[in-house]
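Report on one structure; see the data block that follows.
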Amino acid sequence: MTRSKDPVTMKTLAAGDFVMGSDHHYVEERPAHRRHVEGFAIDAVPVTNARFAAFVADTGHRTLAETPVNPADYPGVRPELLAPSSLVFTPPPGPVPLTDPRQWWRVVAGADWRHPLGPGSSIEGLEEHPVVHVGFADALAYARWAGKTLPTEAQWEYAARAGSTTEYAWGDDLEPEGRQMANLWQGAFPHYNSLADGFLRTSPVGCYPANAWGLSDMIGNVWEWTLDTYQRDHSGPPAKSCCGVNARPSAHVFKVLKGGSHLCTPDYCRRYRPPARLQQATDTSASHIGFRCCV
């Protein structure tokens, strides 16, 4: 492999077996089962805005969120939805039904990795925060440029667990002795965040304790893309993963996201655990989705 252009620290993990999934939480995490993972190396932190900016400067890459939608791919879509855009978390003014994510997500024209909240916003001062508004193909393009790839779901979960068998990589308490262990939502979601951890949105990578294998932000902060095509549960073999750097965004192809984000909270989304998983269409980007690489 050629020398990577990405200067981030990577942690080398030995091959091993672990229990993947969980029988005690969301149905898509079932069944818990033994899985073997060969040795690999993984980024110690998610890809930051500064690292992604270096990639864009070197390649001229335009992200999914910066690219107009092809109307042929979405017959009948309203014209205003064809403009370059991305999903931005927007807290409502008060309590809303938690069954309708449209109450707190907005499609914002002009929202992208450089403008995380839309036109007029910027990443100034957020250079060491994880990059967001990146689609699956964007993450793959970065990984290829860096001489790396994206982790599989099994690799990601093995790394997040760091040899632990507890509810969280750090133990069985979400906030041991009141200590914030990850960038999550504190308060009544989605309208009130107490900011007990100091952050309404993303946080600088590595500002929470690393797990036992030296990996930071494996839980919370941003969801992270993996190579695996999403299946409803773990009952069958892993779905064939798409590894091509030019993977075409599609509303019908779903990949597995891992790790939860700063929007996870006990009263809404308890996906702040290593076995938690979420499906995400490859034609979609959002203000809480990023990635890290591996080799």
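Worth a mention:
- Options GLU80, GLU29, GLU66; residue that is over 26 Å from TYR158 (Cα atoms), touching a Pro at 6+ places or on another chain (Cβ under 7 Å) and among the acidic types (Asp, Glu): GLU66
- Any hit, region 95-105, residues being touching a residue at least 24 places away in the same chain (Cβ under 8 Å), assigned to a helix (DSSP H, G or I) and surrounded by 11 or more Cβ atoms within 10 Å (Cβ to Cβ): yes
- None of ASP23, ASP58 is open to solvent by 70 Å² or more (accessible area, probe 1.4 Å), in contact (Cβ under 8 Å) with a residue 40 or more places away in the chain and either under 22 Å from TYR230 (Cβ atoms) or over 20 Å from the mean Cα position of the chain (by Cα) (or both) except ASP58.
- Qualifying positions in region 3-34 - part of a strand (DSSP E or B) and touching a His at 6+ places or on another chain (Cβ under 9 Å): GLY16, ASP17, PHE18, VAL19, MET20, HIS33
- Taking region 106-130 as the range and being surrounded by 17 or more Cβ atoms within 10 Å (Cβ to Cβ) and part of a strand (DSSP E or B) as the test, the residues that pass are VAL108, PRO130.
- Among the conditions (1) without any contact (Cβ under 8 Å) to a residue 40 or more places away in the chain; (2) within 25 Å of ARG51 (Cα to Cα), the only one that ASP173 does not satisfy is (2).
Matching residues to (1) over 12 Å from the mean Cα position of the chain (by Cα); (2) within 25 Å of PRO119 (Cα to Cα):
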site	(1), (2)
GLN186	yes, no
PRO204	yes, yes
LEU215	yes, no
ASP228	yes, no
ARG232	yes, no
SER235	yes, no
ARG271	no, no
THR282	yes, yes
CYS293	no, no
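The values are calculated or read from the model by the stated rules, or taken from the named source; none is laboratory data. In this text, all values refer to a predicted model and were calculated from it rather than measured experimentally. Ideal geometry is used to build each Cβ from the backbone, glycine not excepted, and the neighbour counts take in all protein chains shown. With ligands, DNA and RNA removed, areas are computed over all heavy atoms of the protein, side chains included. Shrake-Rupley method; radii C 1.70, N 1.55, O 1.52, S 1.80 Å.
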